[in-house]
Structures are given as structure tokens and as C-alpha cells.
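The values are calculated or read from the model by the stated rules, or taken from the named source; none is laboratory data. Bear in mind that the values here come from a model prediction, so they are computed numbers and not experimental data. Cβ atoms come from the backbone with ideal geometry, glycine included; neighbour counts cover every protein chain shown.
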Amino acid sequence: MTDITKTFNQQLLNLAQTLSDRFPNNKNLSIFLTGIQTLKSANKNKLIEIFTLHVYQYRTIIMKKDETFFLTRDYLKEKKKILDQNKYEDDVDDNKLLDIIGNLKSCWGDLNDKEHLSIWQYLRVLMVLCDRKISQVINK
């Protein structure tokens, strides 16, 4: 059986590298790439945990390739509302993941159709890997 977490981490790293290469002057994307590399080395489970906690809730939108995902949603405002309602403390690592959504949102208009499809494919693969990981955890 394939190590789902290892595959997930590599796919997320590939996405971050693709975006960083496409937008070399975007410092936030460079920081995101470095953060992915660091977390991958320090705690192999952290990336999929953060993604599942903060991005998996948008699974339906991502699987439909609904561009409103990048064009109209205010993720930081949504997260703040959830944190305020539940009195949770914020997590720096989690904010970095949400920042990539914001960065992707800001870059979306500069990407061509082929690049859009590539980003959707990365996100859909990450969702399927999350599905498998969740199933694996539940069936233990």
C-alpha cells in the first residue's frame, strides 16, 4: 500500500513549487514553498492535517472546479468568524496554508486556462488523498 501522507506531501510540494516557479517575484509563494519543505521534514503528518482542517471543507467546490473558490471567497474572514465563534486560538502554520489560498486567489487572473486546469488537478488529487487518509483513519 502506498504511503498516503508521503504522496500528499509530495503533491503539495509540487503545487507550491509550480506556483513559486510561475510567480518568482511573489515572496509569499516563496515563503509558502519553504514552509511546506520545512513542515514536510519536521512533521510528515502536519501538512495533511492542516489541509484537512482548513481546505477539505471546500471539497465540493474544488471537485466541481468552481472558480468562485478563487474569485469571490474571503477565507481569512471566514476563518476569523469560525475562530471567534468557537473561541479557538489561531495557529501560525494554519495561517500559512490559508495564505496560499489567498495568494492563489490573487494570482488566478494571471494564469491561463492550461494553468487553471493544472491547479485544479493538483487540488483534486490532494482532496482524493485526504479522502483516502480519512478512510484509513476511520477504518483502523
| query | Are there any helices (runs of 4 or more DSSP H) wholly within the range 53-140 with 2 or more residues that are modelled with pLDDT under 80, and if so which? | reply | 75-86, 92-107
| field | LEU47 being in contact with a Leu (Cβ under 6 Å, 6 or more places away or on another chain), part of a helix (DSSP H, G or I) and either crowded, with 17+ Cβ neighbours inside 10 Å or modelled with pLDDT of 95 or more (or both) | value | yes
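When the range 18-44 is examined, which residues are found to be assigned to a helix (DSSP H, G or I), within 21 Å of LYS114 (Cα to Cα) and either among the basic types (Lys, Arg) or at pLDDT 90 or above (or both)?
Step one: filter the range 18-44 for residues assigned to a helix (DSSP H, G or I), giving 18-22, 27-42.
Still in the running and within 21 Å of LYS114 (Cα to Cα): 18-22, 29.
Correct list: THR18, LEU19, SER20, ASP21, ARG22.
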| said: Going through THR5, THR34, THR38, THR60 one at a time, which residue ends up being of a type in the set (S, T, N, Q) and either touching a strand residue (DSSP E or B) at 6+ places or on another chain (Cβ under 6 Å) or within 22 Å of TRP120 (Cβ to Cβ) (or both)? | reply: THR60
